[in-house]
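These notes are about the structure you will find just below.
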Amino acid sequence: AMAADRSLAGALSLADAEIVFDMALATRCSPASPARRAYEAAPLPPGDVVADVLPPLTIRVCRSGNVTWAQLVNAADAPATARIRCGGRPTAVVDGVSGTPLPLAADADIMVPLEPWGVRGILIDGGVSIGSARLEYAADLQQTIALRIDRLRQRRAVLETPVPLAVLDNPAFELGSAAPVGRPVATVAGWEVVESRRGTVTLVPGAGTSGQAGRGLEFSSLNGLATLRSNPFVAPATGRISVAAWLRVADAATQPPLRIAIEGLQDDREYYRFAAVGGLTGGRPLTGEWSQFVLQIDDLPSEPLESLRVRFDLLGPGRVQIDDLRVFDLAFDESQRSQITTAVSVLDHQRSSGDLGGCVVGLDGYWPAFLESFVTDAALAAAEASRTAVPVAPVAPDPAAPEERQAGGMFDRFKGWWQ
């Protein structure tokens, strides 16, 4: 019922709808909610909006003789009481559905309780018009809002040092074959060359990003397209994914035609997004030194994705050395982090200025809801344990790329690397 009330209140706060098309409302077997009954009881033609009213409250009125019908909409998830001030003292005020009398304050203001996402209709007798209205909230709401904003600020800080997802079986190529460095291997744990006749893998000294030399992998194309891909994993619930990898070439004069990519299955069709590297058009050149490259995708499909994999494609002959891959679901570029900071700062300003209604609306916005949904208490604890990391500035996908959509293009210069 709450979801249906939210849909109805949200629609009525934006427009004076004579007819609402909502199959959930039409087919619901349970009794109609108070919000729906209030909407159905509203007279026609549609009323005029009262101007001196701030969100999340919306009031529309129409008048017949000495009686004014007012429709009140609370487009927020916090209960409140609407205090309505009229141009004179009403002789009577009743609920438009039940006919129950509503109280008047000592100053003749009309007091109308509203549920979260509530819609109410009232009848005002006495030939008076509504001049202004505001919402009043429970005394403890300000403290509740302050606590939520403080938690949002903590969650925003987590985005500075995102924690990698444990989705790759062998992200640094340390598991599996005991073959010595420099010797080709048939298989590498957690990875596969899709067609072995087209590509090979060889163990090489690693990037040493963890303080130890370790080992990396040299991926080579022998004949046309060669593909190296990871184990499959579940798509992040955040709708975002970033892949950070350390790359180098033995000879910077020979740039391989490389793509860093994400593949998956969507409704039995291939999902594929990539960033060009090396010898491909728009690709950042590789050097003889280990450098970090990042593929960031912040618009994964809302439809389910299956068998997501990290993938390296050499589109022609060439070699690239790879080490220390990390996958993230909470990596944001600088402009996105700035947007989130602004959203939290606006909420804090509204709270300190006493605009609780604005806070209630803002807390239901995209970024606050995202932080509360996806930056968990566990993520807060993990970030606190890894404060020494320095963020990377990832690159967004190119929305203008064709079917095999390119993600990344020219990569930003990196200030450091993710923990």
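The values are calculated or read from the model by the stated rules, or taken from the named source; none is laboratory data. For clarity, every value in this text was computed on a predicted model and none was experimentally measured. Cβ placement follows ideal geometry from the backbone for every residue including glycine, while neighbour counts extend to all protein chains displayed.
Of all the listed residues (Val128, Val201, Val112, Val181), the sole one being assigned to a loop (DSSP other than H, G, I, E, B), aliphatic (A, V, I, L, M) and surrounded by 15 or more Cβ atoms within 10 Å (Cβ to Cβ) is Val128.
The residue of the range 230-258 that is nearest to the chain's Cα centre (by Cα), among those that are in contact (Cβ under 8 Å) with a residue 40 or more places away in the chain and more than 16 Å from Val327 (Cα to Cα), is Leu258.
Taking the range 189-218 as the range and being modelled with pLDDT of 90 or more and β-branched (Val, Ile, Thr) as the test, the residues that pass are Val193, Val194, Thr200, Val201, Thr202, Val204.
Of everything listed in (1) among the polar types (S, T, N, Q); (2) modelled with pLDDT under 95; (3) assigned to a strand (DSSP E or B), the single unmet condition for Ser98 is (3). Here is the figure for the range 38-80: residues that are in a loop (DSSP other than H, G, I, E, B) and not β-branched (Val, Ile, Thr) total 19. Of all residues in the range 325-378, those being more than 20 Å from Leu165 (Cα to Cα) and aliphatic (A, V, I, L, M) number 10. Can you tell me which of Ala139, Ala106 is modelled with pLDDT under 95, under 43 Å from the mean Cα position of the chain (by Cα) and either part of a loop (DSSP other than H, G, I, E, B) or not assigned by TED's automatic domain parsing to the domain that holds Ala51 (or both)? Unique residue meeting the criteria: Ala139.
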